[in-house]
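**Student:** Have a look at this one.
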Amino acid sequence: MGVAKKTENNRIYYVFFGMLAIGLFIFAKMSIIQFKEGDEWRSKADSLTIKDEVIPANRGNIYSADGSLLATSIPKYTVYFDPSSPSNEHFEKYIKGFSDSLAKFIPKRSAGEYESYFRKARSNKKRYLHIATKLSYTQYMKLKSFPLFNLGKYKGGMIVNQVYVREYPMGLIANRTIGYERTNDDKTITRKGIEGAFTDYLTGKEGKRKVQKMSKNLWKPIHDENEVDPKDGYDVITTIDVYIQDIAHHALLSSLEYYEADHGTVVVMETNTGQVKAIANLGKIGDGSYRETVNYAILERHDPGSTFKLASYLALLDDKKADTSTIYDTHQGVVTFSNRRVTDSNRRGYGKISLARGFEVSSNTVVTQAVNQAYKDNPKQFTDKMKTFGFNQKLGLDLKGEPSSYIPVPGDRNWSKIALPWMAYGYGILVTPLQTLTLYNAVANDGELVKPQFVKEIRDVNVSIKTFDKEVINPQIVSPDVVKKMQAVMKNVMTRGTGRLLNSADFSMAGKTGTAQMNYGKAKGGMYYASSFVGYFPADNPKYSCIVVIHRPTKHSYYGGDVAGPVFKRIAQKIFTDVPSLKEIKNIETPSQNAVKDYKTYYAQVKQSGSSMPNVVGLPAMDAVALLENLGLKVQTVGFGKVAKQSVQSGEKITKQQTIVLELS
């Protein structure tokens, strides 16, 4: 019996010491986990429920030269409700008012249904109820003022995710130049135009904040403050003038519709600086309407036809191969080179006429004979001259995709016995509309060839980061005497040549018509015409140069003077008649006394307002932005023009870095 009791006691000891050993092992393991491996395990646990979330930086804005907004990132807010966050006291006190307000704001449920939905979610400990998606700033601020939500994130349970959506206030006008951004299926982003070319400046630096997992794929910010605040991108100030852009767009659209053409382009450039003030590219789409589909002005190379005759004339005169008074026989409108005929639009020819008269009436027989006689023994002299005019190379535009112009040279596989005379009147070569305009602009600019410019400044709010000055490609393409002769000849085109029907007693123009015959084969529509007009205005001391090219007109006419010329005239006419006087344009650098007075008034407002919101309704957008940013505020604008509405009312208290939204007229 004593042995049995001893055996039983031993068993108890074994169990006791076994349990003690297990306990000591567990304690030791817990100590190791707590003190030695604690950081590692906490990190692993946090990695499953806590993560760093990237806060995208606000992309910079794109502005026109006059301060109108062309592209901007508008904040959009997605709002959730955590019904477990409010205390019982706050929940019971405000849930009815919150439900009533929400039913009026988002009437997909009644107030009673909302209240029942929130109470049930609270009892089931649901913590991430979706309320609304992509609210505007004004809508978000209204929702934030509702009972419960006005208590803040922790006391009121309001959870907000903010994203920025790229918007273009001018819609499709000039959008192939301003550009766009598109998110692809693989989540990569494609950017075109200025958006793409200057994306390094427009893109800011991302921020970072910690978020905690609430449920599957739903995360909630842990702190009110960000670990790293995002830094907004720089703003890009373009050379585009919204007023001139509007004129160019609608003038081109009207002609395309009337002649039922396939597509067309217009570029208006400031003569002295090369700044592009307007660029419109419209192509016909499936429903017969016209949209900005391709940037034809920059990307489309084709035979320019008669507008290229300017290059031939500049070469002839500068090389002293002929003079404007040199006489040529048009041979009843037909001349032959290697059994290939060149004809004039006037089938009877013009008899014997001067070289200058040949340009005025756009005689193909005159220019081909003149160039062939002058350069047939040394065609390289002619093609080398074309290089000095900027051809056979790119203009070096900031926008991506510009092709090099193409001029065949002796020895090329495309060189033949007819290459030289064909080139003389704009065939067998490939040139973009903007490259053609650049040459005409050089003549308007007394021989100085300048690079077309689309952006003039990069700005961080009101601090200039980088300016883009005028770039000269060739300071003098031909002698000043030759430039003056061609300026006179192009004036005569408008008074007694192919552009005479466009002439106006109210304002002067100089330019050249062009009608190029294209043949792209049956698969691409066969033979058709491209109608063009290029020149500058006023004829003396020109302010702007302009090119119009319209492809495949199918109704009424196809001649450049009929189809493209009226677009050029309409643009010049609107600028002349709607701007008070050209004298005012010339003195544009002189500060307006009214502007100086307004500035002093605005500056006084800044000094007096202190920490309260000033009234900026009625001010131009740029003035309002400058005023508010001088107060340390962040400004978002919607639309363009003058301020019609401000998100914070006049007299309300403001804080540094607060965001103010201005709705523009």
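**Student:** How much FRET efficiency would the formula 1/(1 + (r/R0)^6) give for residue 343 and residue 373, where r is the Cβ-Cβ distance and R0 is 22 Å, rounded to 0.05?
**Tutor:** Calculated transfer efficiency: 0.75.
**Student:** Right, next: For the residue pair residue 577 and residue 272, what label-to-label distance in nm results when each label sits 7 Å from Cα along the Cα-to-beta-carbon direction?
**Tutor:** Once both label points are built, they end up 2.8 nm from each other.
**Student:** Which of the trypsin sites (Lys or Arg not before Pro) found in the stretch 55-128 are in a DSSP loop and have at most 14 neighbouring Cβ atoms, other than their own, within 10 Å?
**Tutor:** Taking the stretch 55-128 and a limit of 14 other Cβ atoms within 10 Å, the loop trypsin sites (Lys or Arg not before Pro) found are 108, 109, 125.
**Student:** Here's another thing I want to ask about it. Using a 7 Å offset from the Cα along the Cα-to-Cβ direction at both residue 400 and residue 109, what is the distance between the two label points in nm, to one decimal?
**Tutor:** Simple spin-label model gives 4.6 nm for this pair.
**Student:** Something else now. Tell me, what is the FRET efficiency for residue 334 and residue 66 to the nearest 0.05, using R0 = 51 angstrom and their Cβ-Cβ distance as r?
**Tutor:** Numbers: r = 52 Å, r/R0 = 1.02.
After rounding, the FRET efficiency stands at 0.45.
**Student:** With all protein chains present and a 1.4 Å probe, how do 153, 231 order by accessible area, largest first?
**Tutor:** 231, 153
**Student:** With a point put 7 Å past each Cα toward its Cβ, work out how far residue 206 is from residue 527 in nm, to one decimal.
**Tutor:** 5.8 nm
**Student:** Moving on. How large is ³J(HN,Hα) for each residue in the stretch 399-406, as worked out from phi by the Karplus curve 6.51 cos²θ - 1.76 cosθ + 1.60 (θ = phi - 60°), to whole Hz, x for Gly and Pro?
**Tutor:** Running phi through 6.51 cos²θ - 1.76 cosθ + 1.60 with θ = phi - 60° gives 6, 7, x, 5, x, 6, 5, 10 Hz.
**Student:** Residues of the stretch 338-358 with backbone nitrogen within less than 18 Å of a virtual label 7 Å along the Cα-to-Cβ line of residue 503, please, listed as ranges.
**Tutor:** Of the residues in the stretch 338-358, 354, 356-358 have backbone N under 18 Å from the label point off residue 503.
**Student:** Now for a separate question. Could you go through the stretch 134-148 in sequence order and give the Karplus-derived ³J(HN,Hα) for each residue, using 6.51 cos²θ - 1.76 cosθ + 1.60 with θ = phi - 60°, rounded to whole Hz, and x for Gly and Pro?
**Tutor:** Going residue by residue, I get 6, 7, 6, 4, 5, 5, 4, 5, 5, 4, 5, 8, 5, x, 6 Hz, with x marking Gly and Pro.
**Student:** Which Cα, out of 308, 280, 259, lies furthest along the positive dipole direction of the stretch 230-342 (beta carbon charges, K/R +1, D/E -1)?
**Tutor:** 308
**Student:** May I ask which of 126/634; 466/543; 470/656; 155/653; 210/456 have a Cα-Cα span longer than 30 Å here?
**Tutor:** 126/634; 470/656; 210/456
**Student:** What does the net charge come to around residue 425 if you take all other residues with beta carbon closer than 15 Å to its beta carbon, with K and R at +1 and D and E at -1?
**Tutor:** Combined, the nearby Lys, Arg, Asp and Glu give +1.
**Student:** To the nearest 10 square angstrom, what accessible area does residue 464 show with a 1.4 Å probe?
**Tutor:** Its accessible surface works out to 60 Å², give or take rounding.
**Student:** Please identify every one of the chymotrypsin sites (Phe, Trp or Tyr not before Pro) in the stretch 424-526 that sits in a loop by DSSP and has no more than 13 other beta carbons within 10 Å of its own beta carbon.
**Tutor:** For chymotrypsin sites (Phe, Trp or Tyr not before Pro) across the stretch 424-526 that sit outside H, G, I, E and B with at most 13 neighbouring Cβ atoms in 10 Å, the list reads 520.
**Student:** About the Cα centre of the stretch 432-545, what is the dipole size in debye to 20, counting +1 per Lys and Arg Cβ and -1 per Asp and Glu Cβ, all else neutral?
**Tutor:** 460 debye
**Student:** Give, rounded to the nearest 20 debye, the magnitude of the charge dipole that the stretch 59-186 has about its Cα centre when Lys and Arg contribute +1 at Cβ and Asp and Glu contribute -1 at Cβ.
**Tutor:** 460 debye
**Student:** Starting from the alpha-carbon convex hull of the stretch 338-471, give the projected area averaged over all orientations, in nm².
**Tutor:** Taking a quarter of the hull surface, the average projection is 11.2 nm².
The values are calculated or read from the model by the stated rules, or taken from the named source; none is laboratory data. Just so it is clear, the structure is predicted and the values come from calculations on it, not from any experiment. Cβ coordinates were reconstructed from backbone atoms using ideal geometry, including for glycine residues, and neighbour counts include every protein chain displayed. Surface areas here come from the heavy atoms of the whole protein model, side chains and all, with no ligands, DNA or RNA. Shrake-Rupley method; radii C 1.70, N 1.55, O 1.52, S 1.80 Å.
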